[in-house]
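Enquirer: Sharing a structure here in structure tokens format.
Please treat every number below as a calculation from the coordinates, not as lab data. Since this is a predicted model, take the numbers as computed values, not measurements. In this analysis, Cβ positions are derived from the backbone assuming ideal geometry, glycine residues included, and neighbour counts consider all displayed protein chains.
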Amino acid sequence: MSEFLTIALTKGRLAYRTLELLEKVGITCQEMKDKQSRKLIFVNEELGVRFFLAKANDVPTYVEYGAADMGICGKDTILEEGRKLYEVLDLGFGRCRMCVCGPESARELLRHHELIRVATKYPAIAKDYFYNKKHQTVEIIKLNGSIELAPLVGLAEVIVDIVETGSTLRENGLEVLEEICPLSARVIINQVSMKRENQRITKLIRDLKEIYKEDMA
Ligand code: PRP
């Protein structure tokens, strides 16, 4: 591992909030704010910090293998990927829920433990929920986006997906049928880095916690 502390950030929705937060604890990366830029890795020599942007699902992978010492990603990704790492802090933003959704008519199918089809971008979370928590056998169909389409065109009876404002569901005549778990942005740490870079990482976590407390106050 290099002398730089390497932080993997999630591209898209979470990136901006994450940078804002890091800025509050004195870790700045001006270059990264340029939305037009196609650059993937950014260095702050002065602070000895390196950032890179990765696809959400890949952030836990970079952290498990030590390519990043630290990562910031959604709890959904952490649950889905099941990587070996430490989850050390809930940052409180990016709040949403993982839910089973569908048309009202699917409620009965869930209640009677019918053998239904479940479309999702999160097959591991869906499997854990239906098999281990509900003890219900279902057929899980992996999709890559616009999951709400599946029940509308008859691909699946229900979906397992993220609900934030609920407007995608409402606009498509679907609703939350069951809630699986709450989600938000989390800080994850590589297990070896936690020992090797303990001082720097502990200080950073402490600073982030302070900011979180201030923001909540
Ligand atoms: C996510 C999620 C829902 C939507 C929920 O999709 O999969 O479709 O946001 O948000 P809402 O409750 O505020 O409407 P995303 O925009 O990430 O795109 P996707 O279709 O690629 O999953």
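Enquirer: Return the loop-located GluC sites (Glu not before Pro) in segment 137-217 (DSSP other than H, G, I, E, B) with at most 14 other Cβ atoms within 10 Å of their own Cβ; answer none if there are none.
Expert: Within segment 137-217, the qualifying GluC sites (Glu not before Pro) (loop, at most 14 other Cβ atoms within 10 Å) are E164.
Enquirer: For segment 10-73, state which chymotrypsin sites (Phe, Trp or Tyr not before Pro) are in a DSSP loop and have at most 11 other beta carbons lying within 10 Å of their beta carbon.
Expert: Listed in order of number, the matching sites amount to none.
Enquirer: From the phi angles alone, apply the Karplus equation (6.51, -1.76, 1.60; θ = phi - 60°) to segment 193-208 and give each ³J(HN,Hα) in whole Hz, x where the residue is Gly or Pro.
Expert: Each residue of segment 193-208 in turn: 4, 4, 7, 5, 10, 3, 4, 5, 5, 4, 5, 4, 5, 4, 4, 5 Hz.
Enquirer: List the GluC sites (Glu not before Pro) within segment 16-124 that fall in a DSSP loop (any state other than H, G, I, E or B) and whose Cβ has at most 13 other Cβ atoms within 10 Å.
Expert: Of the GluC sites (Glu not before Pro), the ones in loops of segment 16-124 whose Cβ has at most 13 other Cβ atoms within 10 Å are E45, E46, E104, E114.
Enquirer: Leaving out same-chain residues fewer than 8 places away, which lysines sit with a Cα under 17 Å from that of K213?
Expert: Here the lysines satisfying the reach criterion relative to K213 are K24, K203.
Enquirer: Explain nothing, just compute: Karplus ³J(HN,Hα) = 6.51 cos²θ - 1.76 cosθ + 1.60, θ = phi - 60°, for every residue of segment 24-40 in order, whole Hz, x for Gly and Pro.
Expert: 5, 9, x, 9, 10, 8, 3, 4, 6, 6, 6, 5, 6, 5, 9, 5, 9
Enquirer: Per DSSP H run of n ≥ 4, the term is -39500 (n - 2.57); total these for the chain, divide by its residue number, and report the mean residue ellipticity at 222 nm rounded to 500 deg cm²/dmol.
Expert: Value at 222 nm, helices only, nearest 500: -8500 deg cm²/dmol.
Enquirer: Charges at C-beta only: +1 for Lys and Arg, -1 for Asp and Glu. How large is the resulting dipole of segment 3-157 about its Cα centre, in Debye rounded to 20?
Expert: That gives segment 3-157 a dipole magnitude of about 320 debye.
Enquirer: Calculate the tail of P(r) for the chain: the fraction of all Cα-Cα distances greater than 21 Å, expressed in %.
Expert: Value for the chain: 58 percent of Cα pairs lie more than 21 Å apart.
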